[in-house]
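Some notes on the structure that comes next.
The values are calculated or read from the model by the stated rules, or taken from the named source; none is laboratory data. The structure displayed is predicted, hence computed values, not measured ones. Here the Cβ positions follow ideal geometry from the backbone for every residue, glycine too, while neighbour counts run over all protein chains shown. Just the protein is used for accessible areas: all its heavy atoms, side chains included, with ligands, DNA and RNA removed. Shrake-Rupley method; radii C 1.70, N 1.55, O 1.52, S 1.80 Å.
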Amino acid sequence: MKYKIKNICCIGAGYVGGPTMAVIADYCPNIQIEVVDVNKERIKKWNSNNLDELPIFEPGLAEIVKRCRGKNLHFSNLIKEKIKSADMVFISVNTPTKKKGIGAGKASDLKWVESCAREVAEYSSGHTIVVEKSTLPVRTAETIKSILNVSQTLNPHNNTFDVLSNPEFLAEGTAINDLENPDRVLIGGEDPDAVEALVSVYLNWVPREKVICTNLWSSELSKLAANAFLAQRISSI
């Protein structure tokens, strides 16, 4: 395999990033997982000795954090340092609805995603695989790729990037079980070696037949289609 993943950085210690990285750390003891966030209070809660203070409650999460935290699962505000040492960076930040401008009240606000992409472009070292984990509009990966490419043009260095889409399918209350026993894991990307690098992480606990590989925009579209079907089913009920 061309890319061996030893260090993962997840930008965003929220509902998706925290549990996802905890489960990866639990099943991949050979990978160092760094979860970073600008919110100091949130990181403080993730590091609390009192596991009842974790910022997210999901059945089974506290036990995993207790097993892995301080070993291969770490929470900090050191965004620059952790991006620099990462082989793979997950972008798992909030995408609220735009409050002003074109698409206000309807479109997703991608300012946090774009900000993360700029941080990765500025602080990364060597080859970095960037994974979009947030629920995003189709073609957002193209936006991330363009930001990374522009950074290479403006600041020529030896850094190279691949961008993957790996949407989450988590339900509140069953997130840990959804991660440990997923119906499917969807990975979209253009470079087979980068896709295989992420596949190899999931194969530590997910059967190969449940890992579906496709291109970037198909992965993004599949997530939105799944959300639309769920919303329709709930409204019909």
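For the chain, report the accessible area per residue in Å² (1.4 Å probe, heavy atoms, rounded to an integer).
Accessible area per residue, the chain: 51 Å².
Where does the charge balance sit around ILE64 when Lys and Arg score +1, Asp and Glu -1, over other residues with C-beta under 13 Å from its C-beta?
The answer is 0.
Given a 1.4 angstrom probe, I'd like the percentage of the accessible area of the range 1-91 that is carbon and sulfur, rounded to a whole number.
Ligands and nucleic acids excluded, carbon and sulfur reach 49 percent.
Test of the criteria: in the range 165-223, which chymotrypsin sites (Phe, Trp or Tyr not before Pro) are in a DSSP loop and have at most 12 other Cβ atoms within 10 angstrom of their Cβ?
Nothing satisfies the criteria.
Between TRP205 and ASN227, take the C-beta separation as r, use R0 = 41 Å, and let me know the FRET efficiency to the nearest 0.05.
0.95
What aspartates and glutamates could a cross-link reach from LYS2, if we take a straight Cα to Cα line under 16 Å and drop same-chain neighbours fewer than 8 places away?
ASP87, ASP162, GLU190, ASP191, ASP193, GLU196
Tell me, what is the FRET efficiency for ASN30 and GLU63 to the nearest 0.05, using R0 = 22 angstrom and their Cβ-Cβ distance as r?
Once the sixth-power term is evaluated, E becomes 0.60.
Please list, ordered by chain and number, the residues whose modelled amide H lies under 5 Å from the amide H of VAL211; skip anything fewer than 5 residues away on the same chain.
VAL185
Taking all pairs of different Cα atoms in the chain, averaging 1/r and flipping that mean, what Kirkwood radius in angstroms comes out?
Evaluated over the chain, this radius sits at 18.2 Å.
Multiply the residue separation of GLU180 and ASN77 by 0.36 nm, subtract the distance between their alpha-carbon atoms, and state the gained length in nm to one decimal.
34.4 nm
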